[in-house]
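Worksheet for the structure shown next.
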Amino acid sequence: MSDLLDLDIAGASEALDARRVSSVELTAAYLDAMEAAAGLNCFVTPTPERALEMAEASDRRRARGESGALEGIPVGIKDLFCTCSIPTSAASRILAGFVPTYESTVTANLWRNGAVLLGKLNMDEFAMGSANVNSCHGPVENPWHRTGDGAGDRLVPGGSSGGSAAAVAARIALGATGTDTGGSIRQPGSFCGIVGMKPSYGRCSRWGIIAFASSLDQAGPLTRTVRDSAMMLGAMAGHDPGDSTSADIPVPDFEAALTGDVRGLRIGVPREYRVDGMPDEIEELWTRGRDLLAQAGAELVEISLPHTRYALPAYYIIAPAEASSNLARYDGVRYGLRAGGDEPDDMYENTRGQGFGEEVVRRVLIGTYVLSQGYYDAYYLKAQRVRALIRNDFDEAFGGVDAILTPTAPSDAFAIGEHEDDPIRMYLNDVFTVPSSLAGLPAISVPAGLSVRGLPLGLQLIGRMFDEETVFRVAGVLEQAAGFAHRPSGGA
Amino acid sequence: MSLDRETVRQTALLARIRLDEDRLERMVGELNGILAWIDQLNEVDTSSVAPLASVTGHALPTRADSVTDGNDAEAVLTNAPDRVGGYFAVPKVVE
């Protein structure tokens, strides 16, 4: 059955169309692979019965000649998306026992387009983290391993969508949803050697996605190829009156944007992304990406995004501030964990003290502090002003270029346990992804090479607001030219 | 700006998170590290810049003021850790 698992979404769709395989056969192959790779700890709630029911229903639809954009394709869902009657935890003890009575808009869109649910995927608690080590379900293991020294080390998949990225890389899901607030789709995409796409803010509805930082959170796909990413995003996106920030604009045919032609496009290379202490291999990968796009006929242009270095500290005010507000709802009254207490205040404090993990407590406290009386202007408004400057930098740059090329992350995957006692060191993982998040822009990570330790490295392409098409177009050419065909040693 | 132990204790109280003394001590160190790092924002002149709260450039939509959802108490209560009849139950409030 392993050849079935080798099909990407586009290939599996073709095989399903040609009746060479049924969705039930494909789904069963994935369920077997999931079980065999359970040690990676990707799936926190596998849903094999639901998967087979959905696959059977899909085969019946196909037999009737009805076929959605992802008809019969088995996918995994980050455990941040509410799924009706299936436990949804946000990887937090505080949501113990929570079973939503409603379905998120993005997952409802996927099911309407024929996708099949394999199960819910591990993540960092409330999507806060860059290594998937902050989970009440335990860490996720990256299916990749170092060559040579440290070959036996268990590596992180990145985060926060670490279960999603590891599952797709390990071939135990054909695609997976992720969410990205400051890099949580793109950085794990880079660490796991797959494609991770964060669309423009507003492209996908946030309704039914457990909130972290509402002005930043966006859903997107993790897939093996750029074409799969375009197909899956098309099936997730769309306007939704349930999310007032969801964009009321048509969803383009993203797959049609993959023309394979970047001749005449201008690609910006921001000089400020050459950060202190960046490893040579990241610089070399970036140079190679520039060369590949130039050979394909694009024009590479050096640009300046002067406020880049202030993006990360601004993000670590804005995101915790919004999180402290969003997470106020976990009070032990309406759902999830309740700890004892003689009075309501005791009960709230005990519930939240026991229910939230370390990183969540850290961010809720930072957020509470920067929003507290006397500090609001100095921190929160200051950060929002810096956010405006970062957005202006991009607006000016996009006056002269069509897309921007940068590295995705400043390193390859590190070992589980590394950097855990140093929050700021962990935050620096997102140094290249946070600026476009603050600006709301679409950005994708494409696997482009291997580090000296034999681990995948991604390059990031950033586009204009709501111009995912150009991002996909350039990403498709970069993917083809880079020819990344390496496979992880772990997984199916 | 540096946070003392009392300020962190007060912030945790505002956030309704019970921290034992060990955890509180650890947080004092970590939060001070993070805030010191954030302070580099003071290098940026933002005197002539308006704060950016929304990136879409779209105005918030309006709709007719009509009921579109609701009247489903059972679904709302189904995850309640404790309930009495059709209500959420909480510890007694003693005034």
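The values are calculated or read from the model by the stated rules, or taken from the named source; none is laboratory data. On a predicted model such as this, the values are computed, not experimentally measured, just so you know. Quick reminder, even Gly has a Cβ in these numbers, built from the backbone with ideal geometry, and neighbours come from all protein chains shown. We work out accessible area using only protein heavy atoms, side chains counted, and drop any ligands, DNA or RNA first. Shrake-Rupley method; radii C 1.70, N 1.55, O 1.52, S 1.80 Å.
Where does the range A:1-79 land on Rg(C-alpha)/(2.2 N^0.38 Å)?
With N residues counted in the range A:1-79, Rg over 2.2 N^0.38 Å equals 1.08.
Just give the residues from the range B:1-24 buried by at least 40 square angstrom of accessible area in the all-chains context relative to the isolated chain, probe 1.4 Å, and say none if nothing qualifies.
SASA drop of 40 Å² or more in the range B:1-24: B:M1, B:T11, B:A15, B:R16, B:I17, B:R18, B:R23.
If I model a spin label as a point 7 Å beyond the Cα along the Cα-Cβ vector, how far apart are those points for B:Q40 and A:V301 in nm?
Here the answer is 2.8 nm between the modelled labels.
Per residue, how big is the convex hull of chain A when only Cα atoms are used? Give it in Å³.
Cα-based convex hull of chain A, divided per residue, equals 138 Å³.
Could you order peptides A:315-324, A:279-288 by the average number of other Cβ atoms within 10 Å of their residues, highest first?
Most protected by this proxy first, the peptides run A:315-324, A:279-288.
Counting only other chains, and only Cβ atoms inside 10 Å, what mean value do you get across the residues of A:379-390?
Rounded to a whole number, the mean comes out at 5.
What is the calculated FRET efficiency for A:A36 to A:D6, with r their C-beta to C-beta distance and R₀ = 25 Å, to the nearest 0.05?
0.95
Taking amide H positions as placed 1.01 Å from N in the peptide plane, with prolines and chain starts having none, which residues 5 or more places from A:A96, or on another chain, fall under 5 Å of its amide H?
Counting only residues 5 or more places away or on other chains, the set is A:L337.
Which whole-Hz couplings ³J(HN,Hα) result when phi for each residue of the range A:387-403 is put into the Karplus expression 6.51 cos²θ - 1.76 cosθ + 1.60, θ = phi - 60°, listed in order with x for Gly and Pro?
The phi angles translate into 4, 4, 5, 5, 4, 4, 4, 5, 4, 5, 4, 6, x, x, 9, 9, 7 Hz.
When you count, for each residue, the other Cβ atoms within 10 Å and take the mean per peptide, how do A:219-227, B:7-15 rank with the highest first?
The packing order, highest mean first, is A:219-227, B:7-15.
Place a point 7 Å from the Cα of A:Y375 along the Cα-to-Cβ direction; which residues of the range B:24-60 have their backbone N under 16 Å from it?
The answer is B:24-42.
Taking H placed 1.01 Å from N in the peptide plane, check which residues at least 5 places from A:V44 or on another chain put their amide H under 5 Å from its amide H.
Residues meeting the amide H criterion: A:K120, A:L121, A:N122.
I'd like the distance separating the alpha-carbon centroids of the range A:238-277 and the range A:50-125, in whole Å.
Each part reduced to its Cα centre gives a spacing of 26 Å.
Once you place label points 7 Å from the Cα toward the Cβ at A:R329 and A:M278, how far apart are they in nm?
3.9 nm
Which residues of the range A:282-324 end up with at least 50 Å² less accessible area in the presence of all protein chains than when their chain stands alone, using a 1.4 Å probe?
A:Y310, A:P313
Pull up the cross-link candidates among the lysines for A:K78, meaning alpha carbon to alpha carbon under 30 Å and not fewer than 8 places away within one chain.
The reachable lysines, counting only those whose Cα sits under 30 Å from A:K78, are A:K120, A:K198.
Two decimals is fine: what's Rg over Rh for the range B:6-95, C-alpha atoms, Kirkwood radius as Rh?
In the range B:6-95, Rg relative to Rh is 1.15.
What total accessible area, in Å², is buried where chains B and A meet, using a 1.4 Å probe and rounding to the nearest 100?
5400 Å²
In whole Hz, what ³J(HN,Hα) sequence does the range A:228-244 give by Karplus (6.51, -1.76, 1.60; θ = phi - 60°), x for Gly and Pro?
Rounded to whole hertz, the list is 4, 4, 5, 5, 6, 4, x, 7, 9, 7, x, 5, 9, x, x, 10, 5.
Label point 7 Å out from B:A80 along Cα-to-Cβ: which residues of the range A:101-136 have amide N under 19 Å?
Zone members listed by number: A:101-102.
Using R₀ = 25 Å, calculate the FRET efficiency as 1/(1 + (r/R₀)^6) where r is the Cβ-Cβ separation of A:T101 and B:R23; round to 0.05.
The value I calculate is 0.15.
Suppose every Lys and Arg Cβ carries +1 and every Asp and Glu Cβ carries -1, with no other charges. What dipole size does the protein assembly as shown come out with about its Cα centre, to the nearest 20 debye?
With only Lys, Arg, Asp and Glu charged at Cβ, the dipole is about 620 debye.
May I ask you to give the solvent-accessible area per residue for the range A:284-331, in square angstrom, as obtained with a 1.4 angstrom probe?
36 Å²
Once Lys and Arg get +1 and Asp and Glu get -1 on their Cβ, which of A:A37, A:V401, A:I303 lies farthest toward the positive end of the dipole of chain A?
A:V401
So, with a 1.4 angstrom probe, what is the percent of accessible area on chain B that is carbon and sulfur?
52 percent
Give me a single rounded figure for A:331-343: the average over its residues of other chain Cβ atoms within 10 Å of their Cβ.
4
In what sequence, highest mean first, do A:292-305, A:375-388 appear when ranked by Cβ atoms within 10 angstrom?
Ranking, from highest mean packing down: A:375-388, A:292-305.
Based on Cβ point charges of +1 for Lys and Arg and -1 for Asp and Glu, what charge dipole magnitude is obtained for chain B about its Cα centre, in debye rounded to the nearest 20?
Using Cβ point charges on Lys, Arg, Asp and Glu, chain B gives about 220 debye.
Taking just the alpha-carbon atoms of the range A:226-294, what radius of gyration and Dmax come out, in angstrom?
Rg then Dmax for the range A:226-294, in Å: 17.5, 47.
Could you give each residue of the range A:256-264 its phi-based ³J(HN,Hα) in whole Hz, using Karplus coefficients 6.51, -1.76, 1.60 with θ = phi - 60°, and x for Gly or Pro?
Using θ = phi - 60°, the values come out as 5, 6, 7, 7, x, 10, 10, 4, x Hz.
In nm, to one decimal, how far is the A:D342 label point from the A:S489 one, both placed 7 Å along Cα→Cβ?
Rounded to a tenth, the inter-label distance reads 5.9 nm.
Tell me, what is the FRET efficiency for B:R63 and A:V21 to the nearest 0.05, using R0 = 51 angstrom and their Cβ-Cβ distance as r?
0.70
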